[in-house]
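Notes for the one structure printed next.
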Amino acid sequence: MDIGDASGGPPRLLIGTHTYAAGGDAARRQSAGIASLESIRGAQIVNVQFEHEPHQVAGIETLAALRTTSNRLSGRAGPRKPDVAEILAVLARAAASRGIPLFGFPNADIIFTQHAIDWMTSTSKDAFVLSRENFDPATGAPRGMELSGTDVFVMTTRWWQANAHRFRSYVLAEGGFDNVYTAIMMCHADCAIENRRPLVRHEMHPMAPMPSPHFGEYIRLLCALDAQYFRRWCTYWDGLVRLRRRGASEAEEHAWAHEAFTWNPTVRERLVQQARNIKAHVRYSTNTLRRRSSST
């Protein structure tokens, strides 16, 4: 779907989603997210899918380009899910080939507002990260902004090309990646984080168990490798909650984000991270061998 901006010009933002064969309430929430994307102006919408057996949605262009699965990444058996970094890479290539300067990816059940698109396409930044406003499924009443995670990632193709190497292959819908990816973008880009205004919304629903019984060990490995970013996210979140409770201003919260996401690891921190990386790989390899031994 190709929707130009309000002036009739070409879109400035390519938004990719990843739909799946959901059922029940999950299918309804996914449909609501797709409907919100179809209604916005100033963006082109695509559905990023696996090369083989892609899930398609009528009216939305399908990019069947994903080759990596959660099972291949982790070496574990479980539901087929995509690599988030690969989704971003596919979108970056598609945006560049179409002459679109910005691309982004939200969770599939996120409901976009036109204000979100207008803000991002009219603001000169390398990147944007948005948190959702939760709302009650029965009444639609707002239930507050989600501060513990983020739901929309938007960046310029230029910035991605220079920084793609920083993004590890996390599994979509398995947790962890949103905190780490937010920290990467805030540390290395001129990035705006929005968690005060309800620019995107999300219907509240029971969450899947975390860590995942299928891929939890793999996510634990990646979070250990990205511990310096994850630590900065946790520091930011803790301070943000404190500021929000005392009614701090937007300027105060922005200043805190700038402080918390400063990228200046010391020599000691780098050495500790190297040791942590070795320990994490050894633990993952050991657990893998144990699994294989117990299954034979």
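The values are calculated or read from the model by the stated rules, or taken from the named source; none is laboratory data. The structure presented is a predicted model; accordingly, all values stated were derived computationally and were not measured. As a convention, Cβ positions derive from the backbone with ideal geometry for all residues, glycine included, and neighbour counts pool all protein chains shown.
Among the listed residues Arg93, Arg143, identify the single one that is free of Cβ contacts under 8 Å to residues at least 12 places away in the same chain and basic (Lys, Arg).
Values: Arg143 fails: free of Cβ contacts under 8 Å to residues at least 12 places away in the same chain.
Being free of Cβ contacts under 8 Å to residues at least 12 places away in the same chain and basic (Lys, Arg) holds for just one of Arg93, Arg143, which is Arg93.
Hand me the list of helices (runs of 4 or more DSSP H) wholly inside segment 135-229 holding 3 or more residues that are polar (S, T, N, Q).
Values: elements: 157-163, 177-188, 216-225.
Qualifying helices (runs of 4 or more DSSP H): 157-163.
Give the residues of segment 87-109 that are more than 18 Å from Ala127 (Cα to Cα) and not basic (Lys, Arg), sorted by residue number.
Answer for segment 87-109, where residues must be more than 18 Å from Ala127 (Cα to Cα) and not basic (Lys, Arg): Ser97, Ala108, Asp109.
Kindly provide the set of residues from segment 159-202 that are out of contact with any helix residue (DSSP H, G or I) (no Cβ under 7 Å at 6 or more places or on another chain), within 25 Å of Phe215 (Cβ to Cβ) and touching a residue at least 60 places away in the same chain (Cβ under 8 Å), ordered by number.
Ala173, Tyr181, His202
Among all residue pairs at least 6 apart or on different chains, which show Cβ distances below 6 Å where the first residue, located in segment 44-69, is over 19 Å from Pro11 (Cβ atoms) and the second is of a type in the set (Lys, Arg) and assigned to a loop (DSSP other than H, G, I, E, B)?
Here the result reads Glu51/Arg67; Thr69/Arg80, each pair linking segment 44-69 to a residue that is of a type in the set (Lys, Arg) and assigned to a loop (DSSP other than H, G, I, E, B).
Could you list, in sequence order, the residues of segment 270-296 that are modelled with pLDDT of 95 or more and exposed (fewer than 13 other Cβ atoms within 10 Å of the Cβ)?
Answer for segment 270-296, where residues must be modelled with pLDDT of 95 or more and exposed (fewer than 13 other Cβ atoms within 10 Å of the Cβ): Arg270, Leu271, Gln274, Ala275, Ile278, Lys279, Val282.
Report every pair of residues separated by at least 6 positions or lying on different chains whose Cβ atoms are under 9 Å apart, first residue within segment 203-223 and over 30 Å from Ala141 (Cα atoms) and surrounded by 11 or more Cβ atoms within 10 Å (Cβ to Cβ), second small (Gly, Ala, Ser) and modelled with pLDDT of 95 or more.
Taking only residues 6 or more apart or on different chains, the pairs are His214/Ser70; Phe215/Ser70; Tyr218/Ser70; Arg220/Ala280; Leu221/Ala280; Leu222/Ser169; Leu222/Ala280; Cys223/Ala280.
Would you mind stating whether Cys234 is of a type outside the set (A, V, I, L, M), modelled with pLDDT of 95 or more and more than 26 Å from Arg143 (Cβ to Cβ)? Steps first, please.
Details: of a type outside the set (A, V, I, L, M): yes; modelled with pLDDT of 95 or more: yes; more than 26 Å from Arg143 (Cβ to Cβ): no.
Criteria not met by Cys234.
Being among the basic types (Lys, Arg) and part of a helix (DSSP H, G or I) is the filter here, so list the residues in segment 240-296 that pass it.
First, pick out the residues of segment 240-296 that are among the basic types (Lys, Arg): 242, 244-246, 268, 270, 276, 279, 283, 290-292.
Those that are among the basic types (Lys, Arg) and part of a helix (DSSP H, G or I): Arg242, Arg244, Arg245, Arg268, Arg270, Arg276, Lys279, Arg283, Arg290, Arg291, Arg292.
Check segment 184-206 and report whether any residue there is more than 18 Å from Ser131 (Cα to Cα) and at pLDDT 95 or above.
Scanning segment 184-206, I find at least one residue that is more than 18 Å from Ser131 (Cα to Cα) and at pLDDT 95 or above, so the answer is yes.
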